[in-house]
Amino acid sequence: MIKKSYPPGTKGKRRIKALSEYGKELKERQKIKNWYNLTETQFEKYVKETLKKRKKIENPAELLIQKLETRFDNVIFRLGFALSHSQARQLISHRHFLINDRPCNIPSCRVKIGDKISIRSNSRKKAIFQNLPLAIKKHEVPSWLELNKESLEGKMRGMPTLEEVVPPAEISAIIEFYSR
């Protein structure tokens, strides 16, 4: 199979126009929205909350990342209990996890510093959690989270920073997009 450097069709060999500033910002927004598996409404709400607090905080990008990273589904993903954000959302909605020994089925729930996250005792017998101890031994947890690999419990010990997270998109372009 021969891979050509241009798209198929009669118009494929034409020069591709460079993206406008608006187009670049839109593409960055789509990247981060898809990375965290959010709907447009959810993502827009997080950005608008960040923009309201922009005058008080010198770095709105860091605040946005903190809001996105401390969502319950993202914390489950970062702890290694799920392989993807989508799987984390599903496991949470099926009530497999506890926050401070209380069941929670809301993926967008905000996890606070000091909160303990664990797997329900009934859920530990499920097939999806059988190989989890082996998978977690290789998994490296971010510095703002703490994981007890024997008891399969996690704890949030700090807030994530922009340097630790390294998002897949340019956050400043997203802030500019919504601040119009």
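None of the figures in this text is laboratory data; all of them are computed from the coordinates on show. Fair warning: this is a prediction, and the values are worked out from it, not measured in the lab. Cβ: placed from backbone, ideal geometry, glycine included. Neighbour counts: every protein chain shown.
Here are some notes:
- For the chain, relative contact order (Cα pairs under 8 Å, six or more residues apart, normalised by length) works out to 25 percent.
- Rg and Dmax [Cα atoms of segment 66-170; Å; Rg one decimal, Dmax integer]: 12.8, 41
- Listed pairs 11/45; 4/24; 31/149; 24/55; 31/53 exceeding 28 Å between Cα atoms: 11/45; 31/149
- Tilt relative to the chain, helix 40-52 - C-alpha long axis, 0 to 90 degrees, to 10: 90
- Cα point-scatterer Debye curve for the chain, base-10 log of I(q)/I(0) at q = 0.11, 0.12, 0.16, 0.19 Å⁻¹: -0.58, -0.66, -0.97, -1.22
- As a proxy for reagent exposure, 106, 175 were ordered by neighbouring Cβ count within 10 angstrom, fewest first; the result is 106, 175.
- About the centre of its Cα atoms, the chain shows a dipole size close to 760 debye [charges on the beta carbon of Lys, Arg (+1) and Asp, Glu (-1) only; nearest 20 debye].
- Only Lys, Arg, Asp and Glu carry charge here, each on its Cβ (+1 for the first two, -1 for the last two); on that basis segment 71-156 has a dipole of about 200 debye about its Cα centre.
- When the chain is described by a simple charge dipole with +1 on each Lys and Arg Cβ and -1 on each Asp and Glu Cβ, the residue from 172, 123, 86 located farthest towards its positive end is 86.
- Gaussian network model of the chain, springs between alpha carbon atoms under 10 Å - residue of 117, 57, 99 with greatest fluctuation: 57
- Listed residues 114, 19, 9: farthest to the positive end of the dipole of segment 1-127 (Cβ charges): 9
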